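J.: Quick one: structure below, then a few questions.
The values are calculated or read from the model by the stated rules, or taken from the named source; none is laboratory data. What you see is a predicted model, and the numbers here were worked out from it, not measured in a lab. Cβ coordinates were reconstructed from backbone atoms using ideal geometry, including for glycine residues, and neighbour counts include every protein chain displayed.
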Amino acid sequence: MSFSVSEPIAHQATPAGVLVNDVHSQLNPTFVEQVVRPGSVEQLQATVALAARSGRKVSICGGRHSMGGQQFGAGTVLIDMRDLSAIQHLDQDYGVVDVQAGVQWPALIDGLMERQVGSAHPWGIAQKQTGADRLTIGGALSANVHGRGLTMTPIVGDVVSFDLIDARGMRRQCSRTGNADLFALAIGGYGLFGVIASVRLRLARRVKLQRRVRVMDSGELTAAFGEAIAAGARYGDFQFATDTWSNDFLRRGVFVCYYPVPDDTPAPASAAALTDAQWRALHWLSHDDKRTAFRLYAAHYLATDGQTYWSDTHQLAAYVDDYHEALDRRAASAHKRTEMITEVYVPREQLARFLEEVRQDFRSHGESLIYGTIRLIERDTETFLPWASDRWACIVFNVCVEHTTVGLDRAASAFRQLIDTASACGGTYYLAYHRWATRAQIEACHPRIREWVRMKQLFDPECRFDSDWYRHLVAALEE
Ligand SMILES: Cc1cc2nc3c(=O)[nH]c(=O)nc-3n(C[C@H](O)[C@H](O)[C@H](O)COP(=O)(O)OP(=O)(O)OC[C@H]3O[C@@H](n4cnc5c(N)ncnc54)[C@H](O)[C@@H]3O)c2cc1C
């Protein structure tokens, strides 16, 4: 990619408190007043109650992977939930587990397996985010996340109930039948309706899956997804070519689906898997030689055709914190760079049109796309502010951003353009991945946004739960 000469971005001038930042984009350096890591629900309640008595604002974080600044607020008391991570009870008859909200996916998956040694039909998680693992269940509910399930709603569909600590420090149990309004608001509520202390999560039977892989045109994708689902595939995605100037750009990709097979299906004699060194090499190529990156990535995936995986562990993904530092050193980059992710949604029948329009647009601006994938989502009819407001095709873009004024402007304008293109196709975008949407885009794509802000004011009139993202949202709506 080319590097523009511009000013490094300026951060807060008078630092006070504790500096925190998000893990992936590292574009949210924030001085919070203090970080509190409660070790019990009582300590969590006391922290919120004390903040209320002393008139302090509270922000909440889990794995700190969000990039819109919704987990931090300048000057707030930041509650870091990661020490509240117990797996409390597994009901093996009904397939539900009670966990504290700071538990992260690898610990949950391992903990479930440990508790079911010898079970003929064990339970596992139904879905988690792809691409990173050290994310909390509380963060998952607050973002109403999705994985690569082919026929799943966002995670709200897996939630039986949760305990929420409200703005006065009181514990409230929320489900579809009790505190149902808070159930619908706090899931996909970005930490603004209270602290989720514990969650009762519905599980799925842990089954063996066979991976089937082909490299194909994106124009065939909608039909291919439909055929895979009809043939019983449970999970799948399409990882597309990212070299802006290749013919394959957004037109070819690796289509991977996972089909249930009997649990005693033997694994192939030699399973193909990328080593750490190969992953590092691919990371480098994804920035420096995207054409080769796609060729090698596709060849690797094709070599795994027919391999078997477990329905829970196949969703795990290696993620190296600060991986971009090594890339920047090797590229002798004059400025820090990281990736920013965005996700937009279009009606499935509009997917081919959307991809062609984005192709033209990225070519005219020479954007540096690092990684992208397409998945499916079923409609969420339960949360107050659903991003899955229809049965969308979900398109994820991971873009390399230089931490300069020019770099940020460029990314902001690319992301705004993606929203416009998705919107023109009848789609929408994920509200909180970044803070670059215009007021018109926010209102057009999230028509209940003002009503949602009113609900926030109703349930939390003193805005005890606050974040830089929320402050930005309110200001944007007032413009
Ligand atoms: C590499 C990468 C891959 C990703 N892949 C996906 C994906 O496949 N699908 C997807 O849907 N998303 C994806 N995301 C987005 C990610 O799922 C969300 O940002 C998620 O919320 C991060 O969880 P976290 O534990 O890091 O939470 P944080 O980033 O720390 O917090 C996220 C939000 O949750 C709130 N929160 C955290 N804990 C609690 C709690 N206990 N109670 C109340 N509020 C709380 C915070 O206030 C904040 O608003 C990805 C992000 C990255 C960086």
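J.: From the set of residues in the stretch 86-103 that are within 12 Å of the ligand (Cβ to nearest atom) and in contact with a helix residue (DSSP H, G or I) (Cβ under 7 Å, 6 or more places away or on another chain), which is farthest from residue 39 (Cα to Cα)?
T.: 99
J.: I've got another one for you. Tell me which of these residue 349 doesn't satisfy, since it passes every other one: (1) surrounded by fewer than 18 Cβ atoms within 10 Å (Cβ to Cβ); (2) closer than 20 Å to residue 428 by Cβ; (3) within 13 Å of the ligand (Cβ to nearest atom).
T.: Here residue 349 meets the rest and fails (3).
J.: Would you tally the residues in the stretch 368-409 being in contact with a Phe, Trp or Tyr (Cβ under 9 Å, 6 or more places away or on another chain) and under 20 Å from residue 444 (Cβ atoms)?
T.: Number satisfying all stated conditions: 15.
J.: Quick test for you: out of 384, 415, pick the one residue that is within 16 Å of the ligand (Cβ to nearest atom), part of a helix (DSSP H, G or I) and modelled with pLDDT of 95 or more. If you could, list the steps in order and put the result at the bottom.
T.: Details: 384 fails: part of a helix (DSSP H, G or I).
Within the list 384, 415, the selection yields 415.
J.: Identify all residues within the stretch 32-50 that are of a type outside the set (A, V, I, L, M, F, W, C) and either loosely packed, with under 14 Cβ neighbours inside 10 Å or not in a loop (DSSP other than H, G, I, E, B) (or both); write none if there are none.
T.: Of everything in the stretch 32-50, those that are of a type outside the set (A, V, I, L, M, F, W, C) and either loosely packed, with under 14 Cβ neighbours inside 10 Å or not in a loop (DSSP other than H, G, I, E, B) (or both) turn out to be 34, 39, 40, 42, 43, 45, 47.
J.: How many residues, within the stretch 111-133, are farther than 14 Å from residue 317 by Cα and either within 15 Å of the ligand (Cβ to nearest atom) or over 21 Å from the mean Cα position of the chain (by Cα) (or both)?
T.: So the count comes out to 15.
J.: Only one residue in 379, 363 is assigned to a helix (DSSP H, G or I) and surrounded by fewer than 22 Cβ atoms within 10 Å (Cβ to Cβ), so which one is that? Quick ask: steps written out before the conclusion?
T.: Numbers: 379 fails: assigned to a helix (DSSP H, G or I).
Of the residues listed, the single one that is assigned to a helix (DSSP H, G or I) and surrounded by fewer than 22 Cβ atoms within 10 Å (Cβ to Cβ) is 363.
J.: Of 326, 334, 293, which residue is more than 22 Å from residue 63 (Cβ to Cβ) and assigned to a helix (DSSP H, G or I)? I'd like the intermediate steps shown before the answer.
T.: Numbers: 326 fails: more than 22 Å from residue 63 (Cβ to Cβ); 334 fails: assigned to a helix (DSSP H, G or I).
Unique residue meeting the criteria: 293.
J.: Which of the residues that make up the stretch 139-198 are more than 23 Å from residue 474 (Cβ to Cβ), in a helix (DSSP H, G or I) and near the ligand (Cβ under 7 Å from one of its atoms)?
T.: 140
J.: Looking at the stretch 438-450 only, could you name the residues that are away from the ligand (no atom under 16 Å from the Cβ) and touching a residue at least 12 places away in the same chain (Cβ under 8 Å)?
T.: Scanning the stretch 438-450 gives 438, 439, 441, 442, 443, 444, 445, 448, 450.
J.: With the requirement that a residue be in contact with a strand residue (DSSP E or B) (Cβ under 6 Å, 6 or more places away or on another chain) and more than 19 Å from residue 130 (Cβ to Cβ), what does the stretch 225-249 give you?
T.: Residue satisfying the conditions is 232 alone.
Rundown of residues vs (1) buried (at least 24 other Cβ atoms within 10 Å of the Cβ); (2) not hydroxyl-bearing (Ser, Thr, Tyr), yes/no style:
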{"site": "105", "(1), (2)": "no, yes"}
{"site": "128", "(1), (2)": "yes, yes"}
{"site": "131", "(1), (2)": "no, yes"}
{"site": "136", "(1), (2)": "yes, no"}
{"site": "141", "(1), (2)": "yes, yes"}
{"site": "192", "(1), (2)": "yes, yes"}
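J.: Separate question: Could you list all residues from the stretch 216-235 that are touching a helix residue (DSSP H, G or I) at 6+ places or on another chain (Cβ under 6 Å) and either crowded, with 21+ Cβ neighbours inside 10 Å or not small (Gly, Ala, Ser) (or both)? Quick ask: steps written out before the conclusion?
T.: Start the filter on the stretch 216-235 by keeping residues that are touching a helix residue (DSSP H, G or I) at 6+ places or on another chain (Cβ under 6 Å), which leaves 218-219, 222.
If the condition is that a residue be touching a helix residue (DSSP H, G or I) at 6+ places or on another chain (Cβ under 6 Å) and either crowded, with 21+ Cβ neighbours inside 10 Å or not small (Gly, Ala, Ser) (or both), then 218, 222 are the ones that fit.
J.: Mind telling me which of the residues 305, 264 ends up being part of a loop (DSSP other than H, G, I, E, B) and surrounded by 14 or more Cβ atoms within 10 Å (Cβ to Cβ)?
T.: Exactly one of 305, 264 is part of a loop (DSSP other than H, G, I, E, B) and surrounded by 14 or more Cβ atoms within 10 Å (Cβ to Cβ), namely 305.
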